[in-house]
Amino acid sequence: MNAVTAGPGTDRAASALPGPPGTARRGAWRALLGLLVVTAAGDVGAVLTVGSASAHARTAGVPGGAVAGAGAGGAHARTEVSGPDARTLAAGAPAGPAGGSAQPVSLEIPSIGVRTPLVGVTLGSNRELAAPDPGTAGWWSQGTVPGETGPAVVVGHVDSRTGPAVFFRLRELRPDDLIRVSRTDGKVVTFTVQSVQQYPKRDLPTATVYGPTRTPSLRLVTCGGRFDKRQHSYDDNVVVFAGVPAPGPARGRA
């Protein structure tokens with residue numbers, strides 16, 4: 001994910017430009033256009049994605065008003081999610097899938113147009129989960145297999161240097177929206193959204209995200225809130241809580 005400051009900064013520069021009459025006004029705007037062209041030559045993505053990404057952000061509800069892809073020239077941002085603490089694990093959070101368990105291979109969220117492979121991710125030395133590449137979601141392979149009893153955790157980026165990433169529209173989900181996970185044993189497990197929450201990363205309720213549940217559960221996690229340019233990271237996590245629907249016809253958006 002990237003800093004999203006290019007769009008607002010460009011807008012302020014343009015609005016602050018004085019409007020001299022006649023030839024002077026035309027010269028000023030030519031100078032501004034020349035500046036943009038020179039900038040584009042050095043960093044095409046940063047300039048060309050500002051307008052369209054800004055419009056997308058307003059309709060998609062990116063956390064904190066962020067504009068995906070506007071920081072195309074900057075360093076790639078981190079999506080890291082705090083892992084379970086010792087107390088949560090002692091309370092019964094899974095230490096890893098059972099031997100011989102089926103593995104998840106893909107995830108689909110029809111209502112927001114997501115269809116992604118799933119790759120395994122594990123806790124790093126800092127006890128955090130790091131998302132894989134921007135176009136792919138990562139399943140916590142030391143935890144629950146989706147469809148088994150307990151919380152399966154999936155992480156993904158919200159944006160990247162080139163634009164929206166796999167979980168860019170995660171915040172648009174509503175209760176009862178459908179999420180499908182396909183597994184290596186041929187099963188397709190359907191979950192329904194229960195709620196969408198946003199937490200400061202330092203206060204992520206790991207016991208709620210990773211703690212034991214009596215039924216199959218799913219948590220989808222991405223970034224949100226303000227972008228910290230120095231840390232190359234967003235301040236918050238957006239978490240989607242989902243569970244296996246009750247018997248009967250599906251009610252959510254498919």
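Structure notes:
- Conditions (1) in contact with a Gly (Cβ under 9 Å, 6 or more places away or on another chain); (2) open to solvent by 10 Å² or more (accessible area, probe 1.4 Å): number failed by V154: (2)
- Taking the range 110-122 as the range and being of a type outside the set (K, R) and either modelled with pLDDT of 95 or more or crowded, with 17+ Cβ neighbours inside 10 Å (or both) as the test, the residues that pass are P110, S111, I112, G113, V114, T116, P117, L118, V119, G120, V121.
- Selected residue (criterion: farthest from V153 (Cα to Cα)) from residues of the range 220-230 that are surrounded by fewer than 22 Cβ atoms within 10 Å (Cβ to Cβ) and touching a residue at least 60 places away in the same chain (Cβ under 8 Å): K229
- Against the list (1) assigned to a strand (DSSP E or B); (2) out of contact with any Phe, Trp or Tyr (no Cβ under 9 Å at 6 or more places or on another chain); (3) among the small types (G, A, S), the condition A207 fails is (1).
- Test: residue in the range 183-199 that is more than 25 Å from S141 (Cβ to Cβ) and modelled with pLDDT under 95: no
- Conditions (1) open to solvent by less than 40 Å² (accessible area, probe 1.4 Å); (2) over 17 Å from the mean Cα position of the chain (by Cα); (3) touching a residue at least 40 places away in the same chain (Cβ under 8 Å); number of the one not met by V240: (2)
- Residue ID - nearest to D236 (Cα to Cα), chosen from residues in the range 158-167 that are open to solvent by less than 10 Å² (accessible area, probe 1.4 Å) and part of a loop (DSSP other than H, G, I, E, B): V158
- Lone qualifier among R214, R180 - being touching a residue at least 60 places away in the same chain (Cβ under 8 Å), touching a strand residue (DSSP E or B) at 6+ places or on another chain (Cβ under 7 Å) and open to solvent by 10 Å² or more (accessible area, probe 1.4 Å): R180
- Checked against the criteria, A131 counts as within 19 Å of R169 (Cα to Cα) and at pLDDT below 95.
The values are calculated or read from the model by the stated rules, or taken from the named source; none is laboratory data. Quick caveat, the model's predicted, so the values are computed rather than measured. Reconstructed Cβ throughout: ideal geometry from the backbone, glycine too, with neighbour counts over all protein chains shown. SASA here: full protein model, heavy atoms, side chains in, ligands and nucleic acids out. Shrake-Rupley method; radii C 1.70, N 1.55, O 1.52, S 1.80 Å.
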